[in-house]
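Working notes, beginning with the structure itself.
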Amino acid sequence: MPWLETSSVEQRERFIADERLGLYTRTELCARYGINRKTGYKWLDRFDEDGRRGLRDRSHAPHHCPHRIASEIAELLCAARRRHPDWGPGKLLDWLGPRHPEIADDTWPAVSTAGDLLARAGLVKKRRRRRPHQHPGVVPPTTDAPNDLWTADFKGQFPTRDGVWCYPLTIGDQHTRYLLACRGLPNIKGQGARPVFVRTFREFGLPRAIRTDNGVPFASCGIHGLSQLNVWWMRLGIQHQRIHPASPQENGAHERMHRTLKAGACRPPRDHLVAQQRAFNRFRTLYNDERPHDFLGGQTPGSRYTASPRTFPERLPPLEYPGHFLVKRVTNAGTFRTQAQAALHRQRAQTTSPRARGNRRRHLVHPFRDGPSGESRRARDDHSRLTGAHPSPNEVSPILPANFVTYLPACSLPHEMAALAPNTYELTCLQRHALCRAKATPL
């Protein structure tokens, strides 16, 4: 048998009914219902005044609010918002104050109160609430052995003497200060940085963690700062440590190495990137094998560093998900298609021929004229497929002069053809194919 649900109004009705029976005194009756005598008398009086309707809860809102916005001020704010829909409540108050000197300064509402008024009036468009970006936190750079923690960063870019910008990517070992790699790249994109890490992993093995800043390509503005590079590290079993934004001191040892690199290999810049890379290679040999390091007690980083026992796998194992998971491929924009959207996309791809898909990008404009062997019909079909228009058999289509063909985008094809002078000429399929990449080629 299910539990019986009762409301406060039903309990009050039972209280009134038991009081009408006269079996209990009012003190005993109030004790049985768990209320005091004052509350019991209150509901008895309300029932005598309004009947069953008086047993409902009444509003506790005050009848008068002394700090409520005056109606004329509310109308001024709403009218100003309609006149300037892109202004906020603070700007509206600053704009209305000098224009209404008869209203005292302490009479105008606060900015938050004015904003609530505009929201209640439906004059504020609700915006999607964005999740605040939270940093995952920084782990202290404590190490016990080589390859416990690597550090990576891009040193400040500089142009070589031929005007090409150089972006040095440096990778070092935190425990021994060994400079693992120093490669001058033309940009900071991940597609250029990943081969440098692949070469370094093959030569020295895999570290336990890599410490970087929050810039490209080590992190992104996406979910949890994930990027293609740090996701690849995590799949390799490498922990990615990110310092706080604008806090290079949290990767101080690596930044200090950049100072030495700048003085030893970047000043002055070399003639081109190849010569600059040779300078980086010489500096790396000097820094690792000849230059004593104060942190190591006067020893060189090369005398303390040993390769990692973790080898680099050439192929990563495929990603495996539980059987009850629905696996979707995520696009570069962070979205994925549902089953209905994917079916519609496949249907469009199947119904559109390869020739039509190619014609969407650009079209070769070829004329037609009435002639024997059905040439006019075939030419009109080609014209209809290219332009979307269906000319009548007696209609003369506008075309180019006889000694030119034009290669036009699909979006401007009908407008351009309409402006051309009518003329006639013929092109064979081989001639069209040979001239398909010319914009304006004389025959």
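Since every read-out is calculated from the coordinates, none of them should be taken as a lab result. A quick note: this is a predicted structure, and the numbers were derived from the prediction, not measured. In this analysis, Cβ positions are derived from the backbone assuming ideal geometry, glycine residues included, and neighbour counts consider all displayed protein chains.
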At 7 Å along the Cα-to-beta-carbon direction for both D271 and D116, put a label point, then send me their distance in nm to one decimal. 7.4 nm
Using mean Cβ contacts within 10 Å as the protection proxy, how do 207-216, 111-120 order, highest first? 207-216, 111-120
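Could you tell me the calculated FRET efficiency between A104 and A246, based on Cβ-Cβ distance and R0 = 45 angstrom, to the nearest 0.05? Could you put the intermediate results ahead of the total?
Numbers: r = 45 Å, r/R0 = 1.00.
Efficiency, rounded to the nearest 0.05: 0.50.
Using only the Cα atoms, work out Rg/Rh for the stretch 71-120, with Rh taken as the Kirkwood radius, to two decimals. List each step's numbers first, then the result.
Details: Rg = 9.8 Å, Rh = 10.8 Å.
Expressed as Rg/Rh, it is 0.91.
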Sequence of K155, K126, K91 once ranked by neighbouring C-beta atoms within 10 Å, starting from the fewest: K126, K91, K155
Between V139 and T335, how high is the FRET efficiency from 1/(1 + (r/R0)^6) when r is the Cβ-Cβ distance and R₀ = 35 Å? Nearest 0.05. 0.60
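Determine, from the Cβ-Cβ distance of R53 and Y24 and an R0 of 22 Å, the FRET efficiency 1/(1 + (r/R0)^6), rounded to the nearest 0.05.
0.30
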Could you pull out every one of the lysines with an alpha carbon less than 20 Å from that of K262, ignoring same-chain neighbours closer than 8 positions? K155
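Kindly provide the GluC sites (Glu not before Pro) of the stretch 70-124 that DSSP labels as loop, not H, G, I, E or B, and whose Cβ sees at most 10 other Cβ atoms within 10 Å.
Working: sites: E72, E75, E102; in loops: E102.
Those that pass, being in a loop and sparsely packed, are E102.
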Place +1 on the Cβ of every Lys and Arg and -1 on the Cβ of every Asp and Glu in the stretch 8-55, take the dipole about the Cα centre, and give the residue among T39, Y24, G54 whose Cα lies farthest towards its positive end. T39
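Subtracting the Cα-Cα distance from 0.36 nm times the residue separation, let me have the gained length for H324 to R128 in nm, one decimal. Before the final figure, lay out the partial values.
Details: separation 196, 0.36 × 196 = 70.56 nm, distance 3.14 nm.
Once the chain is fully extended between H324 and R128, it gains 67.4 nm.
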Mind grabbing the base-10 log of I(q)/I(0) for the stretch 216-352 at q = 0.12 Å⁻¹? Debye formula, identical points on the C-alpha positions, no solvent, two decimal places. -0.83
